[in-house]
Amino acid sequence: MKTSSRHPSVVERNPFVHELKFTTAEKIKIGLMSVTVFPVRLLLVCFLMLLAWPFAFAATLGRSDFVVEPQSWWRRIIHLCIWVIMRAMWFCGGFHWIKVKGDRAPPSEVPILAVAPHSSYFDAIPVTMLMCSIVGKHESRSVPVWGTLISYIRPVFVLRSDQDSRRKTVEEIKRRAESKGEWPQIMIFPEGTCTNRSSLILFKAGAFIPGLPVQPVVLRYLNKLDTITWTWQGPGAYKILWLTLCQPHNSVEIEYLPVYYPSEEEKENPALFANNVRKLMAEALQVPLTDMSFEDREITLSRGPLRIQDCRSLLQFNQLVCRLGLRARSTDKLLEQANRAMKLQGHRLGLEDFAQFLNLEVTDTLKQVHSLFIQDDDGRIDIRHYVIALSTAYQPSKSMETLKLAFKLYENEDTGEILEEDLAVILEIMLGVKDVELSGLFLALERPDTRKITYDELRRLLENQSQFSLDCLHFKDHPRNGCIKSCNGLSHDKDK
């Protein structure tokens, strides 16, 4: 699969990975703090969180989820008490002072605050300072202590088991945003997931669908050693907490950018609105933009013997099919497309036929998807390549299921075998590489070389080779550059 000239921006550092490296001095400091300051800080933080609970519980008694009651004197006192306790909790955690730049717009003028980058659970600092509403999982409501504290700030709860939840969430955000300051401001992290702050990933459009003014807010954690970041691959939640509480001081800065008023075009196009706000925030943060999104994280973090070696082409493909609404939402939908592809028996499709296969109109985006799979000058594609790429993008952590599906698309019905050149194409798409050469793989079969292989034979090889892609294959830009170790432990050079 090719990467078109209009490929999305890909930054050098994976935004979903965080790696910590310690100097000797830092290790000594953490060791000393672990047996002195850390236990005291942890006890104080836990105590203050428990102390806030009865106040939050009292404030939520008899309160409606849909109507804002008048702010009585006793609720104001409770609000102040919770704010003081939360600020004391962050102080005990090492966030001794919090620098604030710019001015926060009032709720009556700006109902939505868009905060980025989202990199940690410590991003709760601005939430507790402002007591804004947030968008959160409905399951968090039932968590002891924490659920009560979350409920106090009147969040918009998302119920993941409800297929209509996204629409309901957007409608609730819009209802509150149009209340002219009656409801608290809604603080939204539009990235939708935690990253390492090396770039800004694509924003989700939910906060921008109402078409109302938005105030961008940027967060900066300024410690030289970044113990704050909590991403999909890196230190876990408890380790992050331990390391952060072991720092003498944790520096954080909150900057309110000027209010962004959408144009008529942006009101009609929430994605454009979101992207323009993202550009302003990236400029303020002095970080690059990347066209990766929350949905791309599994592609960049794939593991196993068939883990993706170069994710650029698959990332582009995934973004294009998501834009077209083609990304498989279930295994049944994927199998349905695979069965239709099998009936074509390798018949190649031009752009018009491809559009008909997908029941879509021909658009620029569809042309881009089609162009990724063109191999010859006739401008036609093998639809099986598209199905394999779709399966890889849909379930990158289940590469064996994709491989089994690919074998069904190509195998001889009598023998279950596929040809060497077909396997090479399958692996090129799944691994995101070019010019796969399989001599090392066939040497490992220890049988007469027929240049054919079954799924079971390949599966057995994969079960014994954790580094299958590196040890058994050769491809363009292979990390070992020419001489690689074959699956049977021997070395061979592809040019010999």
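Restricting to the stretch 148-194, what's the tally of residues that are basic (Lys, Arg) and assigned to a loop (DSSP other than H, G, I, E, B)?
Adding up the residues that qualify gives 3.
Specify which of the listed residues (LEU349, LEU390, LEU372, LEU366) is within 28 Å of ALA271 (Cβ to Cβ), at pLDDT 90 or above and touching a Lys or Arg at 6+ places or on another chain (Cβ under 7 Å).
Exactly one residue qualifies, and that residue is LEU372.
Of all the residues that make up the stretch 268-297, how many are surrounded by fewer than 17 Cβ atoms within 10 Å (Cβ to Cβ) and of a type in the set (Lys, Arg)?
Qualifying residue count for the region: 1.
Only residues in the stretch 93-108 that are among the hydrophobic types (A, V, I, L, M, F, W, C) count as the first member; pair them with residues that are in a loop (DSSP other than H, G, I, E, B) and crowded, with 18+ Cβ neighbours inside 10 Å, Cβ under 7 angstrom, at least 6 apart or cross-chain, and list the lot.
As it stands, the answer is PHE95/ASN250, since those pairs meet every condition given.
Filter the stretch 402-413 for residues that are surrounded by fewer than 17 Cβ atoms within 10 Å (Cβ to Cβ) and in contact with a strand residue (DSSP E or B) (Cβ under 9 Å, 6 or more places away or on another chain) and give the result.
Of everything in the stretch 402-413, just one residue is surrounded by fewer than 17 Cβ atoms within 10 Å (Cβ to Cβ) and in contact with a strand residue (DSSP E or B) (Cβ under 9 Å, 6 or more places away or on another chain), namely ASN412.
Condition first: loosely packed, with under 11 Cβ neighbours inside 10 Å and in a helix (DSSP H, G or I). Now tell me which residues in the stretch 42-77 satisfy that.
TRP73, TRP74, ARG76, listed by residue number.
Does PRO258 satisfy being farther than 25 Å from ARG297 by Cβ and assigned by TED's automatic domain parsing to the domain that holds PRO126?
Considered against the rule, which asks whether it is farther than 25 Å from ARG297 by Cβ and assigned by TED's automatic domain parsing to the domain that holds PRO126, PRO258 comes out as yes.
If we scan the stretch 408-420, do we find a residue that is in contact with a helix residue (DSSP H, G or I) (Cβ under 6 Å, 6 or more places away or on another chain), within 26 Å of GLY440 (Cα to Cα) and small (Gly, Ala, Ser)?
No.
Tally the residues that are over 21 Å from MET430 (Cα atoms) and buried (at least 17 other Cβ atoms within 10 Å of the Cβ), restricting the search to the stretch 367-396.
Residues in the stretch 367-396 being over 21 Å from MET430 (Cα atoms) and buried (at least 17 other Cβ atoms within 10 Å of the Cβ): 0 in total.
Could we say that ASP123 is of a type in the set (Asp, Glu) and either outside the structural domain of VAL214 (by TED's automatic domain parsing) or assigned to a helix (DSSP H, G or I) (or both) here?
Taking the combined requirement at face value, the residue satisfies it.
Which residues, counting only those in the stretch 414-437, are at pLDDT 85 or above, touching a strand residue (DSSP E or B) at 6+ places or on another chain (Cβ under 8 Å) and among the charged types (D, E, K, R)?
Those that are at pLDDT 85 or above, touching a strand residue (DSSP E or B) at 6+ places or on another chain (Cβ under 8 Å) and among the charged types (D, E, K, R): GLU417, GLU420.
Out of all the residues in the stretch 316-330, is one or more under 22 Å from GLU401 (Cβ atoms), among the hydroxyl-bearing types (Ser, Thr, Tyr) and assigned to a helix (DSSP H, G or I)?
No: the stretch 316-330 contains no residue that is under 22 Å from GLU401 (Cβ atoms), among the hydroxyl-bearing types (Ser, Thr, Tyr) and assigned to a helix (DSSP H, G or I).
Identify all residues within the stretch 21-31 that are assigned to a helix (DSSP H, G or I) and surrounded by fewer than 12 Cβ atoms within 10 Å (Cβ to Cβ); write none if there are none.
THR24, ALA25, LYS27, ILE28, GLY31, listed by residue number.
Sort out which residues of the stretch 331-371 are among the charged types (D, E, K, R) and not in a helix (DSSP H, G or I), and write them in order of number.
ARG348, GLU361
The values are calculated or read from the model by the stated rules, or taken from the named source; none is laboratory data. The structure displayed is predicted, hence computed values, not measured ones. Using ideal geometry, Cβ is built from the backbone for each residue, glycine included, and neighbour counts are taken over all protein chains shown.
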